[in-house]
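K.L.:
Have a look at this one.
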Amino acid sequence: MNIFDKSFSPSEAQVRYLDADYVVLRPGSFVRCAITGVPIALDELTYWNVDRQEPYANAAAAYEAHKRYGLAGR
């Protein structure tokens with residue numbers, strides 16, 4: 001996938017999140033943060049939850065998810 005190709009169109013990927021990695025099930029250039037809804041480029045994806053299979057844009061969004069599900073402070 002070459003973003004400089006004139007026929008390139010950004011699309012949402014389908015991803016399976018693993019403990020220290022992820023597997024792309026359907027090719028795409030980004031996933032959406034489960035908390036904020038902002039697109040996250042796959043090469044910038046750093047935060048996700050394996051149990052809920054959710055990606056997060058940053059540490060603050062990941063923490064918000066933990067608070068939302070009652071896991072913060074444990």
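The values are calculated or read from the model by the stated rules, or taken from the named source; none is laboratory data. Note that the structure is a prediction, hence the values are computed from the model and not measured. Ideal geometry is used to build each Cβ from the backbone, glycine not excepted, and the neighbour counts take in all protein chains shown. We work out accessible area using only protein heavy atoms, side chains counted, and drop any ligands, DNA or RNA first. Shrake-Rupley method; radii C 1.70, N 1.55, O 1.52, S 1.80 Å.
K.L.:
Report every pair of residues separated by at least 6 positions or lying on different chains whose Cβ atoms are under 6 Å apart, first residue within region 14-40 and over 22 Å from His66 (Cα atoms), second of a type in the set (Ser, Thr, Tyr).
P.N.:
Gly28/Ser11
K.L.:
Determine if region 2-11 includes at least one residue that is at pLDDT below 95 and β-branched (Val, Ile, Thr).
P.N.:
Scanning region 2-11 turns up at least one residue that is at pLDDT below 95 and β-branched (Val, Ile, Thr).
K.L.:
So, Ile40, is that one of a type outside the set (Phe, Trp, Tyr), at pLDDT 95 or above, over 19 Å from Pro10 (Cα atoms) and in contact with a Lys or Arg (Cβ under 9 Å, 6 or more places away or on another chain) or not?
P.N.:
For Ile40, the condition - of a type outside the set (Phe, Trp, Tyr), at pLDDT 95 or above, over 19 Å from Pro10 (Cα atoms) and in contact with a Lys or Arg (Cβ under 9 Å, 6 or more places away or on another chain) - is not met.
K.L.:
Can you pull out every residue in region 27-47 that is open to solvent by 60 Å² or more (accessible area, probe 1.4 Å) and outside any loop (DSSP other than H, G, I, E, B)?
P.N.:
Hits for region 27-47 are Arg32, Pro39, Asp43, Glu44, Tyr47.
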